[in-house]
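**Q** I'd like to ask you about the structure that follows.
Bear in mind these aren't lab numbers, they're just calculated from the coordinates by the rules spelled out. Keep in mind that this is a model prediction, so the values were computed, not measured. So basically every Cβ, Gly included, is an ideal-geometry build from the backbone, and we count neighbours across all protein chains shown.
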Amino acid sequence: MGLGDKIGNGAEEAMGKAKEGLGGATDNEKLQADGQKDQSKANLKQAGEHVKDAFNK
């Protein structure tokens with residue numbers, strides 16, 4: 001996994017956590033769900049990169 005990919009995926013996950021937290025604090029279920037979705041997308045991307053790394057060794 002390239003450094004840029006790691007940083008991008010980490011940033012996307014962090015933004016998702018922030019959205020989820022803000023949604024929870026403001027009782028905004030849509031924002032909370034969007035945050036969870038963003039985190040899931042970032043985690044899937046990270047998993048895909050890990051698979052690529054395993055085959056490139």
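**Q** Sequence neighbours fewer than 8 away in the same chain don't count; with that in mind, list the lysines whose C-alpha is under 24 Å from Lys41.
**A** Lys41 reaches Lys6, Lys17, Lys19, Lys30, Lys52.
**Q** Counting Lys and Arg as +1 and Asp and Glu as -1, what is the net charge of the other residues whose Cβ lies under 14 Å from the Cβ of Lys41?
**A** -3
**Q** Would you work out the relative contact order for the chain, in percent, from Cα pairs under 8 angstrom that are 6 or more residues apart?
**A** Once normalised by length, the contact order is 39 percent.
**Q** Dipole magnitude of the chain about its Cα centre, charges +1 at Lys/Arg Cβ and -1 at Asp/Glu Cβ only, in debye to the nearest 20?
**A** It comes to approximately 220 debye.
**Q** Would you calculate, for the chain, the mean residue ellipticity at 222 nm contributed by helices, counting each DSSP H stretch of 4 or more residues as -39,500 (n - 2.57) and dividing by all residues, to the nearest 500?
**A** So the calculated ellipticity at 222 nm is -31000 deg cm²/dmol.
**Q** Rounding to the nearest 10 and keeping the result within 0 to 90°, find how far the Cα-based axis of helix 29-55 lies from the longest principal axis of the chain.
**A** So the inclination is approximately 10 degrees.
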